[in-house]
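Okay, structure first, notes after.
The values are calculated or read from the model by the stated rules, or taken from the named source; none is laboratory data. On a predicted model such as this, the values are computed, not experimentally measured, just so you know. All Cβ positions, even for glycine, are placed from backbone atoms using ideal geometry, and neighbour counts span all protein chains on display.
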Amino acid sequence: MLILIKVGGSVIRKGVDNLVKEVPRLLGNGHKLVIVHGGGYFVSELMEKMGLKPRFVTSPSGVTSRYTDLETLRVYIMGMMFLNKDLVSRLQGVGVNAIGLSGVDGGLLRARRRETMVIIDERGRERIVDGGYTGKIESSNSDFIVKLLNDGFTPVIAPIAMDNKTGGPLNVDGDQALEVLSYSLRPDLAVILTDVDGVLMNGKVVGRASITEAQELFKSQEVKGGMKRKVYTAMQLASKGIRVVISNGTIENPISSAINGFGTHVIPNQ
């Protein structure tokens, strides 16, 4: 079974020990894994230590993202690649032949820089601003990942993409990186790990959702911020026939738990 995993920054912040311990068992059972990670909290911490103020913007659909000017991009790359190598070293420490990559390496993730973006300003009005160094991923070098998997590596990917025009680095969303890689790699399962047990409605986990139900979750006022982006990613992947689970990455055996029914499962149309 090929499993694509997105490890959210909230999981990294609370600790990845349970995930790291589980990976050798999954590989030993014949599964192949590709891991994408986030870590925006760490970037914000670094910026504050450097006297820089992180800035976030909200789209008309309610999705919140980091605004990335050149100074922010430099700190973003610094922070993400530190987390990348830290995760790789932990996996190597338990016998996993992990290899850390950004989307720039091997042209793994190619993106188009957003020249402008529409945001909701402090007065609640739509406003067009410069896109900064944020990108929308347009393609992935899946052949590169397949070769690494066939050679016995477990890729660990930081959400930094290559600008299609300039070749320079861009900040891209980690959930979108999982989405685009899934389109080309066609995994048996995509798992989005966060620090809660799944999508919550009225305080309870939604155990299973069709594509239509996921669309309603996305529109719901109860689903906010980062979870809204995760639901959108799951909805998009399910519409392409890929099964997705949004689940807790901090519990014991987080991937096996997701495989066995824990979390919110967004199911493709049968």
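Mind checking which residues of region 135-155 are closer than 16 Å to Ser184 by Cα, in contact (Cβ under 8 Å) with a residue 40 or more places away in the chain and more than 17 Å from the chain's Cα centre (by Cα)?
Residues satisfying the conditions are Leu148, Leu149.
Farther than 18 Å from Gly38 by Cβ and part of a helix (DSSP H, G or I) - does that describe any residue in region 115-135?
No, every residue in region 115-135 fails to be farther than 18 Å from Gly38 by Cβ and part of a helix (DSSP H, G or I).
Of all residues in region 47-82, which are part of a helix (DSSP H, G or I), over 21 Å from Lys136 (Cα atoms) and over 20 Å from the mean Cα position of the chain (by Cα)?
Of region 47-82, the ones part of a helix (DSSP H, G or I) are 47-49, 70-82.
Of the ones still in play, those that are also over 21 Å from Lys136 (Cα atoms) are 47-49, 82.
Once the filter is applied, which keeps residues that are part of a helix (DSSP H, G or I), over 21 Å from Lys136 (Cα atoms) and over 20 Å from the mean Cα position of the chain (by Cα), region 47-82 yields Met47, Glu48, Lys49.
Look at region 106-127 and say how many of its residues are under 26 Å from the mean Cα position of the chain (by Cα) and touching a residue at least 12 places away in the same chain (Cβ under 8 Å).
Qualifying residue count, region 106-127: 15.
Hey, among Val146, Val156, which residue is at pLDDT 95 or above, in contact with a helix residue (DSSP H, G or I) (Cβ under 6 Å, 6 or more places away or on another chain) and outside any loop (DSSP other than H, G, I, E, B)? First the steps, then the outcome.
Values: Val146 fails: in contact with a helix residue (DSSP H, G or I) (Cβ under 6 Å, 6 or more places away or on another chain).
The conditions single out Val156.
Just checking, how many residues over region 24-36 are more than 17 Å from Gly135 (Cα to Cα) and either among the basic types (Lys, Arg) or within 18 Å of the chain's Cα centre (by Cα) (or both)?
Result for region 24-36: 5.
Quick check, is Ser256 in a helix (DSSP H, G or I), over 26 Å from Ala111 (Cα atoms) and at pLDDT 95 or above?
Here the answer is yes, as Ser256 does meet what is asked.
Looking at region 223-241 only, could you name the residues that are touching a strand residue (DSSP E or B) at 6+ places or on another chain (Cβ under 6 Å) and modelled with pLDDT of 90 or more?
Within region 223-241, Lys230, Ala234, Leu237, Ala238 qualify.
Could we say that Val63 is modelled with pLDDT of 95 or more and not basic (Lys, Arg) here?
No.
Scan (1) aliphatic (A, V, I, L, M); (2) crowded, with 22+ Cβ neighbours inside 10 Å; (3) more than 18 Å from His37 (Cα to Cα) for the single condition Ile211 breaks and write down its number.
Only one criterion in (1) aliphatic (A, V, I, L, M); (2) crowded, with 22+ Cβ neighbours inside 10 Å; (3) more than 18 Å from His37 (Cα to Cα) is unmet by Ile211, namely (2).
Could you tell me whether Val205 is hydrophobic (A, V, I, L, M, F, W, C) and either touching a Leu at 6+ places or on another chain (Cβ under 9 Å) or within 25 Å of Asp143 (Cα to Cα) (or both)? Can you show your working first?
Details: hydrophobic (A, V, I, L, M, F, W, C): yes; either touching a Leu at 6+ places or on another chain (Cβ under 9 Å) or within 25 Å of Asp143 (Cα to Cα) (or both): no.
It is false that Val205 is hydrophobic (A, V, I, L, M, F, W, C) and either touching a Leu at 6+ places or on another chain (Cβ under 9 Å) or within 25 Å of Asp143 (Cα to Cα) (or both).
Among the numbered criteria (1) within 30 Å of Val94 (Cβ to Cβ); (2) small (Gly, Ala, Ser); (3) not in a loop (DSSP other than H, G, I, E, B), which one does Ala111 miss?
Every listed condition holds for Ala111 apart from (1).
Can you confirm whether Thr116 is hydroxyl-bearing (Ser, Thr, Tyr), at pLDDT below 95 and surrounded by fewer than 18 Cβ atoms within 10 Å (Cβ to Cβ)?
Yes; evaluated as a whole, the condition is true for this residue.
Please work out which residue is surrounded by the fewest Cβ atoms within 10 Å (Cβ to Cβ), limiting yourself to region 167-204 and to residues that are in contact with a Phe, Trp or Tyr (Cβ under 9 Å, 6 or more places away or on another chain) and assigned to a strand (DSSP E or B).
Pro169
Yes or no: Ala158 over 27 Å from Ile267 (Cβ atoms), aliphatic (A, V, I, L, M) and in contact (Cβ under 8 Å) with a residue 24 or more places away in the chain?
yes
Which of the residues spanning region 82-112 are closer than 20 Å to Val180 by Cβ, surrounded by fewer than 18 Cβ atoms within 10 Å (Cβ to Cβ) and out of contact with any helix residue (DSSP H, G or I) (no Cβ under 7 Å at 6 or more places or on another chain)?
Within region 82-112, Asp105, Gly107, Arg112 meet the criteria.
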